[in-house]
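Derivation of every value follows stated rules applied to the coordinates shown; laboratory data play no part. All values derive from a computational prediction rather than experimental measurement. Cβ: placed from backbone, ideal geometry, glycine included. Neighbour counts: every protein chain shown.
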Amino acid sequence: MTLTAGADIPLGGGSGGQSAASSSSSSAGGGGDGSGFVAVRSFGATTVPAGSLFSFTLPKDTFKHADPKASVALEARQADGKPLPDWLQFDAGTGRFTGKAPEGVQQIEISVVARDNSGGEATTKVVLRFDGASEVK
């Protein structure tokens, strides 16, 4: 796939559909009162050109809540719990990532957590692989 600087990258399809959240910190599925997340989209790895500006936006149906009017807040961190590196920004309001990976970075795993106003949460993982990487940082 050829990308222009700043182009919005389609995320890897993974299973291409939705699946129940599988993280141990997730609580997907509603209780008897109908609250909670009922589906979380999974993604396969996405390849991005190293050293180029890129962006991608999580699809609106990444996290499906049982209550369509529920307030859901997003947070993104590295899969190991560390904050995102300085070269990768996340706009929690739009679900959009933007960045420019330095040369040598091969891959980053990102956990995106959705929390509702009742304390329920669900998690999905996004893996970015960078072309042209020569060493791991």
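Here E75 and Q107 are evaluated by their C-beta separation; at R0 = 22 Å the FRET efficiency comes out at 0.60. According to the Kirkwood relation over distinct C-alpha pairs, the hydrodynamic radius of segment 42-101 is 13.2 Å.
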